[in-house]
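Take a look at the structure set out below.
The values are calculated or read from the model by the stated rules, or taken from the named source; none is laboratory data. Predicted, not measured: the structure shown is a model, and the values here were computed from it. Backbone-built Cβ (ideal geometry, glycine too); neighbour counts: all protein chains shown.
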Amino acid sequence: MTKQDEQVCVVKGWQAGPVIDESTLSDDLTRHFYYTLGRDVVGESQLYLYHALALTIRDRLVARCRETNQQIKQQKRRKTAYLSLEFLMGRALGNAVLNLDLESQVTKALQAYCTELESVEQAEHDAGLGNGGLGRLAACFLDSCASLALPVVGYGIRYEYGMFNQSIEEGNQVEQPDNWLREGHPWELSAPEQAKRVKFSGYVQSYTDKFGREHRQWNSSQDVLAVPYDVPIPGYKNNIVNTLRLWKSEATDEFNLTEFNAGSYSEAVAQKNLAEQITMVLYPNDSSENGKELRLRQQYFLSSASIQDVLTQWIEQYGNDFTEFAQHHVFQLNDTHPSIAVAELMRILVDDHELDWDQAWNITTKTMAYTNHTLLPEALEKWSVSLFAKLLPRILEIIYEINARFLAEVAMHWPGDVQKQRDLSLIEEGGEPQIRMAFLAIVGSYSVNGVAALHTQLLTAGLFKDFYALWPDKFNNKTNGVTPRRWLAYCNPSLSQIISEKIGKDWIGDFAQIGQLRRYYDDPQFHIKWQQAKQQNKQRLVDLVKQRCGVEFDINMLFDVQVKRIHEYKRQLLNILHVIHLYDRIRRGDTQGMVPRCVLLGGKAAPGYMMAKKIIKLINNVAEVINKDPQVSAFLRVAFLPNYNVTAMETICPATDLSEQVSTAGKEASGTGNMKFMMNGALTIGTLDGANIEIRDAVGAENFFLFGAQAEHIDDIKAHYNPSEIIANNPDLNSVMHLLESGHFNLFEPGLFDDVINGIKSNNDPWLTAHDFASYIAAQRDVDKAYADQTYWTQMSILNTAASGSFSSDRTISQYCEDIWHLTPLDTTHQTVKTNTDTKS
Ligand SMILES: *Cc1c(COP(=O)(O)O)cnc(C)c1O
């Protein structure tokens, strides 16, 4: 391309932008650093260098993103909109460098600044727009969709404040706001011209059109603007770049016109805050609902803006004819959080485009698909009818209409069974009638899926059994997965290197190939390399734990790790009881066969979840007592890592020997942390819960440390549960309880852990901690035995990585695509963007 060509600007826009390839990366970096950002010295933090590098790479993403979108549009592709209130993305730089295959060029370019990628990366804030597993799943899915060249757009909220930052003060969790945008977010591009209006409040009126048909109209609403910010999502070395579209709320200019006209100019402008509040903060509750009005506003804001966006694009291309809309679109609802989209699509089709109810319903129920994430009753969303009436009056009417027609269907299926109609109604009657959002999602969707085999089975046999009886074909399982790019190739370069030396590099894009590693599980030379990689990774974690917790871990000890949100069902408490048990044994001199361990726990508690916060305090107090006892430190060290997030996990999972997945059976829908650890060669100690079951099936029972009650027996156990008796009959547990009850870990804070202790001793303990203690301790003894034989352990470690092929989110997304979305992959060969390989030849 000549200089002149570069300047050709065709009326319809750039046909081909300036060349960006290998040869220009260094220059682009310098140009962005000196001119876009106006800097000339690299500061201590390398913040501006990071920004310049991000902009340099974004240029390359934007070029590919444009082509991806053109292809989707020109070829009239069927596509999926993935709606999620959470996307827990973490950092983007390293992932983009990996997926665009720019590592050597970036390394070269950074040499001019006397630094390297690993150091520049530290300046990037995590995009923490999610709580935990559900939000991280959405992020892994986006990576897999792009890598499989599937036309999928993510829709979410651009929270001004993401997941809070956690620090630990005197053993207690303290929350700090996560102002992640303060230093700028170089990856996003806003598109204010594509803003959408979202209605709130007001009232509904009837009118008759010129054909004499009755319509409803939502009037005098207080509208809020939804402004899109697009984040590019690169596929793995395939030139595809998809989009994550995040909505920011803003005031419309006429927001307070009346006040403005009354002369209250500043007051009117100040009212803008109300509109901007909607996307101000992520609700920090994982697996529980809080029923706050602002949260409902967020849900409707996301659903409405995203549906409008898809419909606007449809109308631009096809006009006002919706007959083929359902052939071209799927909306995948990540839990019930965006389930109001069912009613919103109906509203827009019926009210704005004047479709018949039946036509609109036909389209809606052919485009909506719902993923359930939990069976925990406290997480099942319900919104009061009165709140809906106030905030979303027209949506409430539509839900009533959906319900009336649905209950007629129920009456046909179960004639005369009035109780069945009450049980299945979208409206739960009572003092304060509530809308059951999961029921709305099921009724409005053509697909309902759980996230692991056991979870789906429990859904269809329990919570949703009547819906399953009505529509068995709607229900399906899609076991979760995690992306092997971020969670192995990127976060564990030393292991990736030795894997690639054996089986080539193709496993990164085709993770089923990881199974070939099995051939080397017995190879002594490979063992040495495998162990060396683990030791290197452990050293990185040692440094992190030293820096963040002030605790000295030792790479020659077993690294026993449980990191995840703090929740009673996840049973961090059971883990800490084992730690106390080990401490008790060491003090008694009973160290026969004991393998020295470093135990790491980490995770955030929802700010209002008192028991979870108490468990954090207990972990910290136990850690303090243990770590300052010189008699114990040769055998046991304990740390609580503050502010567990995606970036921390990137250092943690490669260094872990033992992955703790100890939830009460039937409570963890799938888990994905379990998969990250497995990929990185950790062995799992776990219950038969969620995807643990499938992990154990894949790797073989002999390579997994199983313990605990099974889901099918839980009800029986609860029926005559007597923990006091269990404690009395188990000297190990008795001793642990005695230490706790004597105040050994709260000498200056009497009574501090009474709630925790009483929970364990309660006949109604839903988590069955005392019940599972003995088998947990026994499994931990098996762990010690296995670890003592390093050859045996290394074999099992290799076999775990080798068996992790089906826990790639590429597998999960292929199944969504096959069974639910029915998308065809985009063409990855005819891209005009210059790639490395193009320019090399
Ligand atoms: C993977 C991940 C989770 C989910 O962990 P589970 O053990 O499945 O609960 C939560 N938070 C972060 C930061 C993660 O990376």
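Only residues in the stretch 639-663 that are farther than 14 Å from Ser167 by Cα and among the hydroxyl-bearing types (Ser, Thr, Tyr) count as the first member; pair them with residues that are within 9 Å of the ligand (Cβ to nearest atom) and in a loop (DSSP other than H, G, I, E, B), Cβ under 6 angstrom, at least 6 apart or cross-chain, and list the lot.
Matching pairs, first to second residue: Thr647/Asp126.
What number goes with the only condition from (1) more than 16 Å from the ligand (Cβ to nearest atom); (2) polar (S, T, N, Q); (3) within 22 Å of Ala788 (Cβ to Cβ) that Gln547 does not pass?
(3)
Do any residues in the stretch 21-33 that are not in a helix (DSSP H, G or I) have Cβ atoms under 8 Å from those of residues that are not aromatic (Phe, Trp, Tyr), where the two are at least six apart or on different chains, and which pairs are they?
Matching pairs, first to second residue: Asp21/Lys834; Asp21/Thr835; Asp21/Asn836; Asp21/Asp838; Asp21/Thr839.
Answer yes or no as to whether Leu740 is away from the ligand (no atom under 16 Å from the Cβ), surrounded by fewer than 20 Cβ atoms within 10 Å (Cβ to Cβ) and aliphatic (A, V, I, L, M).
So Leu740 does not fit the description; no.
Which residue is nearest to the ligand (Cβ to nearest atom), if the candidates are limited to the stretch 114-133 and must be part of a helix (DSSP H, G or I), of a type outside the set (A, V, I, L, M) and touching a residue at least 24 places away in the same chain (Cβ under 8 Å)?
Once the filter is applied, the top-ranked residue is Gly133.
So that you can scan it fast, the table gives a plain yes or no per residue for (1) out of contact with any Lys or Arg (no Cβ under 9 Å at 6 or more places or on another chain); (2) outside any helix (DSSP H, G or I); (3) at pLDDT below 95; (4) hydroxyl-bearing (Ser, Thr, Tyr):
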{"position": "Asn537", "(1), (2), (3), (4)": "yes, no, no, no"}
{"position": "Phe553", "(1), (2), (3), (4)": "no, yes, no, no"}
{"position": "His578", "(1), (2), (3), (4)": "yes, no, no, no"}
{"position": "Tyr583", "(1), (2), (3), (4)": "yes, no, no, yes"}
{"position": "Val595", "(1), (2), (3), (4)": "no, yes, no, no"}
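Would you pick out the residues in the stretch 536-556 that are surrounded by 14 or more Cβ atoms within 10 Å (Cβ to Cβ) and out of contact with any helix residue (DSSP H, G or I) (no Cβ under 9 Å at 6 or more places or on another chain)?
Hit for the stretch 536-556 is Val545, nothing else.
Among (1) more than 20 Å from Gln516 (Cβ to Cβ); (2) assigned to a helix (DSSP H, G or I), there is one condition Asp697 misses while meeting the rest; what is its number?
(1)
Kindly list, by first and then second residue, each pair from a residue in the stretch 208-219 that is at positive phi to a residue that is surrounded by 10 or more Cβ atoms within 10 Å (Cβ to Cβ), limited to pairs with Cβ atoms under 6 Å and residues at least 6 apart or on different chains.
Pairs found: none.
May I ask you to list the residues in the stretch 84-113 that are without any contact (Cβ under 8 Å) to a residue 12 or more places away in the chain and either in contact with a helix residue (DSSP H, G or I) (Cβ under 8 Å, 6 or more places away or on another chain) or part of a loop (DSSP other than H, G, I, E, B) (or both)?
The answer is Thr107, and nothing else.
Scanning the stretch 662-673 for residues that are within 15 Å of the ligand (Cβ to nearest atom) and out of contact with any Lys or Arg (no Cβ under 9 Å at 6 or more places or on another chain), which turns out nearest to Trp793 (Cα to Cα)?
Ser670
State which residue is surrounded by the fewest Cβ atoms within 10 Å (Cβ to Cβ) when the search covers only the stretch 343-353 and only residues that are under 20 Å from Tyr207 (Cβ atoms) and under 30 Å from the mean Cα position of the chain (by Cα).
Ile348
Give the residue that is farthest from the ligand (Cβ to nearest atom), with candidates limited to residues of the stretch 144-162 that are outside any strand (DSSP E or B) and farther than 20 Å from Phe331 by Cβ.
Per the stated criteria, the residue is Ala149.
For Ser190, work out the one condition from (1) touching a residue at least 60 places away in the same chain (Cβ under 8 Å); (2) within 37 Å of the chain's Cα centre (by Cα) it doesn't fulfil.
Every listed condition holds for Ser190 apart from (1).
Exactly one condition in (1) within 15 Å of the ligand (Cβ to nearest atom); (2) closer than 27 Å to Pro177 by Cβ is false for Leu658; which is it?
Leu658 satisfies all of (1) within 15 Å of the ligand (Cβ to nearest atom); (2) closer than 27 Å to Pro177 by Cβ except (2).
Which members of the stretch 555-576 meet the condition of being of a type outside the set (Phe, Trp, Tyr) and either in a helix (DSSP H, G or I) or more than 16 Å from the ligand (Cβ to nearest atom) (or both)?
Listed by number, the residues that qualify are Ile555, Asn556, Met557, Leu558, Glu568, Lys570, Gln572, Leu573, Leu574, Asn575, Ile576.
Search the stretch 643-652 for residues being of a type in the set (S, T, N, Q) and assigned to a helix (DSSP H, G or I), and hand back the single one that is nearest to the ligand (Cβ to nearest atom).
So, considering only residues that are of a type in the set (S, T, N, Q) and assigned to a helix (DSSP H, G or I), the one nearest to the ligand (Cβ to nearest atom) is Thr647.
Are any of the residues in the stretch 471-480 over 26 Å from the mean Cα position of the chain (by Cα) and either part of a helix (DSSP H, G or I) or buried (at least 21 other Cβ atoms within 10 Å of the Cβ) (or both)?
Yes - at least one qualifying residue is present in the stretch 471-480.
Could you list, in sequence order, the residues of the stretch 354-405 that are surrounded by fewer than 21 Cβ atoms within 10 Å (Cβ to Cβ), acidic (Asp, Glu) and in contact with a strand residue (DSSP E or B) (Cβ under 9 Å, 6 or more places away or on another chain)?
Glu354, Glu397
Matching residues to (1) of a type in the set (Lys, Arg); (2) touching a helix residue (DSSP H, G or I) at 6+ places or on another chain (Cβ under 8 Å); (3) at pLDDT 95 or above:
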site: Leu375; (1), (2), (3): no, yes, no
site: Leu380; (1), (2), (3): no, yes, no
site: Lys390; (1), (2), (3): yes, no, yes
site: Ala411; (1), (2), (3): no, yes, yes
site: Ile435; (1), (2), (3): no, yes, yes
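Specify which of the listed residues (Asn722, Asn692) is of a type in the set (S, T, N, Q), in contact with a Gly (Cβ under 8 Å, 6 or more places away or on another chain) and under 20 Å from Arg571 (Cβ atoms).
Asn692
From Lys604, Lys617, Lys628, which residue is charged (D, E, K, R) and surrounded by fewer than 20 Cβ atoms within 10 Å (Cβ to Cβ)?
Lys628
Any chance you could count how many residues in the stretch 674-694 are surrounded by fewer than 24 Cβ atoms within 10 Å (Cβ to Cβ) and either within 9 Å of the ligand (Cβ to nearest atom) or part of a loop (DSSP other than H, G, I, E, B) (or both)?
The qualifying residues number 1.
Condition first: under 23 Å from the mean Cα position of the chain (by Cα), within 14 Å of Leu573 (Cα to Cα) and not in a loop (DSSP other than H, G, I, E, B). Can you find one or more residues in the stretch 635-642 that meet it?
yes
Looking only at residues that are of a type in the set (S, T, N, Q) and surrounded by 15 or more Cβ atoms within 10 Å (Cβ to Cβ) in the stretch 180-221, which one is nearest to His32 (Cα to Cα)?
Out of the qualifying residues, it is Gln194.
Do you know which of the residues in the stretch 288-303 that are in a loop (DSSP other than H, G, I, E, B) and touching a helix residue (DSSP H, G or I) at 6+ places or on another chain (Cβ under 7 Å) is nearest to Asn273 (Cα to Cα)?
If we take residues in the stretch 288-303 being in a loop (DSSP other than H, G, I, E, B) and touching a helix residue (DSSP H, G or I) at 6+ places or on another chain (Cβ under 7 Å), then Glu289 is nearest to Asn273 (Cα to Cα).
In this structure, is Asn320 part of a loop (DSSP other than H, G, I, E, B), at negative phi and in contact with a His (Cβ under 9 Å, 6 or more places away or on another chain)?
Spelling it out, Asn320 is indeed part of a loop (DSSP other than H, G, I, E, B), at negative phi and in contact with a His (Cβ under 9 Å, 6 or more places away or on another chain).
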